[in-house]
Amino acid sequence: MGKLFFYEIKKNVLRLPVLLLFAALMLVNLYKHGETVQYYGDGSYLPNGLMYDIYGDYKGEITDEKIQQIVAYKNEMESIVNSPEFDYPTTPDDRYYTGFAYGDKDIADNVINEMKYAREYINNIILLREKTQSAISFYEEKNDYKVREAQQIEILYGNRHIYVYGNYWAYSLYLDYEFSTFIVMIMVLFVFAPSFSKQKAIGDDKIIRSCGKAKSVFWAKHLCMYTFCAAATLITALADILSFGCRYGLEFVEQPIYAIHSFTYAPLDISIFTAVLFAALMRFLLAVFIGEIVLLISSTQKNVGISYAVSFCAIGGLIYLHGSLPSHFSPFTMISMSNFLTEARFVNVLGLPVLNIIFLPILTLLLCAAVNLVCHAVSCPRRTARLAQKERGGAV
Amino acid sequence: MELVLKNITKSYTKGKKRKNALENFTLTLTEGVYGLLGPNGAGKSTLINIITGIIGSDSGSIAFSDGENSSFLSHLGFMPQGMDFYRNFTAKDYIKYIMALKKYSPENADEYALSALERVNLRTDADKKIGAFSGGMKQRLGIAQAIVGEPKVLIFDEPTAGLDAKERIRFRNVISSLAADKIVILATHIVTDIAYVAKTVVLMNGGKIIKTGTQEQLCSDIYGKVWEITAENDKVMDYMSRMRVSNAVSDGSKYTLRIVGDNPPEQDAKAVVPSLEDVCIYYFGDM
C-alpha cells in the first residue's frame with residue numbers, strides 16, 4: 001500500500017503542469033492578500049499606520065492604569081483641539097503619536113473603544129444569558145425544542161471574559177479569507193479529474209485488476225487525495241496567516257476568538273489559535289468533499305477531457321446550489337468562518353438542537369463516505385472481487 | 001506445466017436477448033506461444049479478460065494442472081490492448097510501479113528493473129521519461145512490465161497494433177525468446193505475427209474453439225482447398241464478390257488470385273500450399 005501510495009502521488013501530483021499551476025495560483029494568492037488588506041483590513045494598524053505607536057504602548061492586558069492614562073490622554077487632546085486658539089496645524093509635531101493633536105484624539109478614541117469592547121464584553125454576555133433565561137421561561141411547557149436550544153446557549157455563553165487589548169486583524173482577515181479554498185478546489189479538480197480516467201484510457205486499470213490490486217489502488221488514490229488536500233490546505237493556510245501576519249503581526253493568538261469583534265457571539269469558547277486550526281480543518285474537509293466527487297466522476301469516465309468537464313460542471317452546480325440550500329446543508333458554508341463561526345445556529349436533529357458547526361462537518365463526512373462508497377462500487381466491481389475469491393480455489 | 005481452462009462460459013444480456021460470448025470453452029495450454037485468432041466478436045477479448053481476472057465467468061475454472069499453484073493470477077503477466085503509460089514516469093519508475101502492483105520485491109529492485117528493461121533492449125533508456133518514447137519503445141516497455149515477477153503465463157492482447165515492420169520483427173523476437181519456459185497467449189488480428197511465433201494456433205468464433213493445432217496441421221487440414229488462378233483485370237471484382245480471395249497480385253495486365261474454397265473456382269485453377277492466412281479465410285471469411 002505504501003509503495004502504491006507513492007506511485008499515486010507520482011502519477012497524480014508530481015507532474016510539471018500541476019506544480020506550475022499551483023505556483024501560479026499561489027502568486028495570485030499573494031496578490032489577493034494585498035488586495036484584501038487594502039479593502040478589508042484596518043490600515044491604521046499597519047507598521048506605517050496611525051495606530052501603530054500608540055498600540056505598542058497600550059496593547060496587552062487591560063489595566064485600570066492604562067485606561068486612566070488613555071482617557072486622560074484623549075481628554076488632553078480633546079481640550080487642545082477644542083480650545084479656541086487651535087488652528088489645525090499642517091506640520092507634524094513630535095510630541096504627538098500621529099504628529100497632530102486631532103489625530104491623536106481620534107486614535108485614542110479608537111483604543112478606548114477597543115478597551116471598552118473588551119471590558120464590556122461580560123455585560124453583553126450577561127444580557128444574552130438573561131434573554132436566554134427569559135426564553136426558557138417563555139417556552140417552558142410550550143416548545144421543548146426551543147427550551148433545549150436556549151439551555152444550550154446558556155451553557156455555550158457562560159463564563160466569558162476578555163482581558164487583553166490586541167490587534168487581531170491578521171486573524172480576522174484569515175478567518176474571512178475565501179480565495180485559498182478556491183485555489184485548493186481548483187487544484188483538486190485539476191489533479192484528480194484525470195486520476196481514474198487516465199488509468200482507464202491507457203489500460204492501466206486492466207493491469208491493476210489483473211494483479212488483483214483494484215482495491216489497494218482505490219485506497220492509495222484516495223489516500224493520495226487526502227494527503228494532497230491536507231498539504232494544499234496547510235500550504236495555503238500558512239501562506240495566508242503568514243502573509244497577513246507579516247503585515248499586522250501574530251500576537252495574542254492564545255486570546256479567545258470572541259476578542260475579535262466579528263466573532264462576539266462565536267458559539268465556541270476557543271482560542272484564536274484553535275479557531276485558526278479549525279478554519280484550516282474545515283477548508284480541508286471541504287477539499288476532501290470536492291476530491292471525493294471529482295474521483296467519483298473520474299471513475300465513471302474513460303475520457304480525461306470529459307472527466308474535467310463533468311467535474312467542473314458538478315462543482316459549479318454545487319456552488320450554485322449553495323445559494324439556494326439552507327446554510328447548514330451546504331458544505332460550502334465552511335469556506336469562510338464569518339458564515340460559520342460568528343453565532344450559534346442550531347439544526348433540529350430529532351428534536352435535539354445540534355450546533356451547525358458540529359452538524360455540518362459531520363454531514364460533510366457522511367456525504368464523503370457515501371460518495372466514496374459509490375466510487376468504490378464503480379472502480380472495484382464485485383465481479384472482480386468474486387473472481388479473486390474463487391480463483392483461490394482454482395475456479396473462475 | 002499445464003494451464004487448464006475448463007468449461008468457461010460467459011454470457012451477456014443485450015437488449016432482451018442473452019448472448020453467449022464464451023460457451024464451454026476448454027483448452028489445455030503448455031509452454032510455448034499460442035496464437036488466438038478470430039474475427040471481431042469471436043470471444044477473444046472476453047476470454048482474455050476472464051483469464052486475467054478483469055471480469056468473472058458464469059461458470060468454469062482456470063488452474064494449473066499440478067494443483068500446486070492454484071492461484072494462477074499471481075503467475076500472470078499481461079499486456080492489454082492499446083496500452084499506454086504515464087508520461088512523467090521513467091521506464092525504470094514504471095517497472096518498479098509494476099513490481100509494487102505485483103508485490104514483487106527482489107533484493108535489488110533497481111537492478112531487477114534494469115534487467116527487465118535489458119530483456120527488451122531498453123536498458124539504456126531506463127532513466128528517460130516515457131513521454132519521449134516512440135511507439136515501438138512503448139510496446140517493448142509493455143512487454144517488460146508483463147515479464148515482471150517472472151510469470152508462468154504471459155498474455156498479449158493485440159500487441160503489434162500500430163507498429164512499423166522493424167518493431168514488429170523485434171517484438172516477435174522478444175516473444176520467441178520468452179516462450180521457452182512460459183505459456184504465452186497472443187491475441188491479434190495480424191496473422192503474420194502468429195505465423196512466425198506461435199507453436200499452436202487457436203481459431204475462435206462465436207465464443208467457441210473452431211479449430212486448434214499447429215500451423216502445419218491447420219494448413220494440411222485445408223490442403224486442396226486453396227487455389228490460384230489468373231484473371232483479367234475486369235473480372236477481379238467479380239471474383240472478389242463471389243469467392244473468398246485471400247490475395248490478389250497484379251502484374252500490370254492480369255491478376256493472380258489466391259482463392260479459398262472447397263471446389264476449384266475454374267477448371268484451370270491450380271491447387272497451392274495453404275498458408276495460415278488461407279486457414280483464417282477458410283474458417284472466418286473476411287476477418
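Values quoted throughout were computed directly from the atomic coordinates according to the rules given, and no laboratory measurement underlies them. From a predicted model like this one, the values you see are computed outputs, not experimental measurements. Here the Cβ positions follow ideal geometry from the backbone for every residue, glycine too, while neighbour counts run over all protein chains shown.
Structure above, values below:
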quantity	calculated
Residue order, fewest to most beta carbons within 10 Å, for A:Ser307, A:Ser83, A:Ser243	A:Ser83, A:Ser243, A:Ser307
Equivalent ellipsoid, the range A:199-342 (semi-axes from 5 times Cα gyration tensor eigenvalues, Å)	37, 18, 13
Where GluC sites (Glu not before Pro) fall in DSSP loop in the range A:249-354, at most 14 other Cβ within 10 Å	A:Glu254, A:Glu343
Cβ neighbours within 10 Å from other chains - mean over A:2-11	4
Cα gyration tensor of chain A - equivalent ellipsoid semi-axes, whole Å, descending	52, 28, 15
Ranked by how many other beta carbons lie within 10 Å on average, peptides B:57-66, A:93-102 from highest	B:57-66, A:93-102
Between 0 and 90°, nearest 10: helix A:2-12 axis offset from chain A longest Cα axis	80
Under Karplus coefficients 6.51, -1.76 and 1.60, residue-wise ³J(HN,Hα) of the range A:304-316 in Hz, glycine/proline x	4, x, 5, 4, 4, 5, 5, 4, 4, 5, 4, 5, x
Alpha carbon centroid spacing (whole Å) that separates the range B:150-182 from the range A:235-269	64
Under 5 Å, built H, 5+ apart or other chain: amide partners of B:Met204	B:Leu37, B:Gly38, B:Ile210
Förster radius 35 Å - calculated FRET efficiency between A:Glu35 and B:Asp110 (Cβ-Cβ, nearest 0.05)	0.10
Rounded tilt (10° steps) of A:16-40 against the dominant C-alpha axis of chain A	20
Sum of side-chain charges, A:Thr36 neighbourhood, beta-carbon under 14 Å (Lys, Arg +1; Asp, Glu -1)	-3
Paramagnetic reach from A:Ile9 in the range A:231-265 [backbone N under 16 Å; point 7 Å along Cα→Cβ]	A:231-235
Taking A:Ile126, B:Ile259 and counting other C-beta atoms within 10 Å, the order from fewest to most	A:Ile126, B:Ile259
Partner chain coverage, peptide B:53-66 - average Cβ within 10 angstrom	5
Cα centroid separation, the range A:138-217 to the range B:218-282 (Å)	72
Space enclosed by the convex hull of the alpha-carbon atoms of the range A:52-156, per residue, Å³	146
Filtered GluC sites (Glu not before Pro), the range A:53-105: DSSP coil and at most 16 other beta carbons within 10 Å	A:Glu85
J(HN,Hα) series, the range B:183-190, from Karplus relation 6.51 cos²θ - 1.76 cosθ + 1.60, nearest Hz, glycine and proline x	8, 10, 10, 10, 9, 7, 8, 8
Per-residue mean of C-beta atoms belonging to partner chains within 10 Å, peptide A:191-204	2
With Cα atoms, 0 to 90° folded angle of helix A:101-139 axis to chain A main axis	60
Antiparallel DSSP beta bridges within the protein assembly as shown, percent to nearest 5	70
Relative exposure of A:Leu27, A:Leu46, judged by other C-beta atoms within 10 Å (fewest first)	A:Leu27, A:Leu46
Long-range Cα-Cα pairs in the range A:116-175 (distance over 17 Å), rounded percent	53
Expected 222 nm ellipticity per residue - DSSP helices of 4 or more, -39500 (n - 2.57), all of chain A, to 500	-23000 deg cm²/dmol
Quarter of the Cα convex hull surface for the protein assembly as shown, i.e. its orientation-mean projected area (nm²)	47.8
Quarter of Cα convex hull surface for the range B:1-93, i.e. mean projection, nm²	8.5
Residue-averaged 222 nm ellipticity for chain B, from DSSP H runs of 4+ at -39500 (n - 2.57), nearest 500	-8500 deg cm²/dmol
The range B:142-287 - convex hull of alpha carbons, volume per residue in Å³	135
Separation of alpha-carbon centers, the range B:1-56 and the range A:324-353, rounded to whole Å	55
Residue among A:Leu286, A:Leu350, A:Leu19 with the largest mean-square fluctuation in a Gaussian network model of chain A, springs linking Cα atoms under 10 Å	A:Leu350
Inverse mean reciprocal Cα-Cα distance (Kirkwood Rh) of chain B, Å	20.8
Amide H contacts of B:Arg244 (H built 1.01 Å from N, under 5 Å, at least 5 apart or other chain)	B:Val260
Quarter of Cα convex hull surface for the range B:220-284, i.e. mean projection, nm²	4.2
